[in-house]
1. Distance in nm between label sites at residue 139 and residue 88, each 7 Å beyond Cα in the beta-carbon direction?
2. Work out the length of the dipole vector of region 1-93 about its Cα centre, built from +1 on the beta-carbon of each Lys and Arg and -1 on the beta-carbon of each Asp and Glu, and round it to the nearest 20 debye.
3. Taking the Cβ of residue 176 as the centre, find all other residues whose Cβ is under 13 Å away and add up their charges (Lys, Arg: +1; Asp, Glu: -1).
4. Among 192, 170, 105, flag the residue with its Cα farthest along the positive direction of the charge dipole of the chain, charges on Cβ as +1 for Lys/Arg and -1 for Asp/Glu.
5. Count the net charge of all other residues whose Cβ sits under 12 Å from the Cβ of residue 135, scoring Lys and Arg as +1 and Asp and Glu as -1.
6. Summarise the accessible area of the chain (1.4 Å probe, protein heavy atoms) by the percent that is carbon and sulfur.
7. Of the listed peptides 64-75, 254-265, what is their order by residue-averaged count of other C-beta atoms within 10 Å, with the highest listed first?
8. Compute the acute angle (0 to 90°) between the alpha-carbon long axis of helix 168-184 and the principal axis of greatest extent of the alpha-carbon atoms of the chain; round to the nearest 10°.
Amino acid sequence: TVGATRGQVRRAILAELAVCGVAGGALGWLPGVALGGLGVHALAAHQMLPADSAAWRSPWLLPVACGVSVIVAVLSGQIAARRAGRTSPAQALRETVAEGTWPSPVRILLGLGAAGGAGTLMAFTFGQKSAAGQLALALPLLLTCMVAVALLGPVLVALAAWLARPARAVGGPSARLALAAISAQPRRTASAVIPVALAVALVGSVYFADASIAHATAAQAGSTVTADRVISGAGLDAGALRQVRALPAVRAAASVAPVSVAATDPDLEPVYGEAVAGGPPGQVLDLGVTSGR
């Protein structure tokens, strides 16, 4: 850019950002659709989502991805383009040389501590026997993992660049230049990678939490019902139960309602169950009794 005007530098950078935004949206669309389908299939296979769940494969996702990428790239590049246009080449070279390559040792130590805490919380989470205990530790585990990624971002980016070194022969000069830039200045690359990683982690966890909990509740409740017919809705009372019993060929009928009990031992924890009244529960529910009646 030696000899170029500020406007020429600014327009060149913004044009490059727009092209990169379109290319990034297009390149990310196909693997995004594939990975989304595999993720939903895996969650459904592990009974964390309903069996008929399917990923959204609308073709409108491609222009949406490209449009969002262009908008984000151009808007975020406005400040960088204006600053680059006002900086002399000599000053730019001095700033590049003076820029620190690696984060401070304190940041790395804090990141390693957060990673160790995330591993400990993960072990405690998987060790919980109750679903309520696992849910209580899910959010702290997510936040701890996000803090570890944010602190160790430059180290993780440099590790990814090192693992991608065999791809230099396939990518040609562009791949070699990109990997060299990442290795030389991992903090700059991490500043772009970290927000994406945090957004994916947070949105993925929040998006699937309600669906997973609702599906698990419905599956557990449905697995205990052995009655041939279930009547649900508002306004069901003892009179409705008597009417059901009076129907021909009805052998047994009982009223069932969800119940939440607060247990104080060892900690305050809700325990969910069913209240059964008005009939023999053994003929309409499988309560999992191993001995006795």
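The values are calculated or read from the model by the stated rules, or taken from the named source; none is laboratory data. Quick caveat: nothing in here was measured; it's all calculated off a predicted structure. Cβ sites come from the backbone with ideal geometry, for glycine too, and all protein chains shown count toward neighbours. Ligands, DNA and RNA are excluded from the accessible area calculation, which covers all protein heavy atoms including side chains. Shrake-Rupley method; radii C 1.70, N 1.55, O 1.52, S 1.80 Å.
1. Placing both labels 7 Å beyond Cα along the Cβ direction yields 5.4 nm.
2. That gives a dipole near 620 debye.
3. Net charge around residue 176: +2.
4. Checking the options against the dipole of the chain, the answer is 170.
5. Values: positive: none; negative: 210, 269.
Once positives and negatives cancel, what remains is -2.
6. 68
7. On the way: 64-75: 16.0, 254-265: 11.2.
Descending mean neighbour count gives 64-75, 254-265.
8. Compared with the principal axis, the helix lies near 90 degrees.
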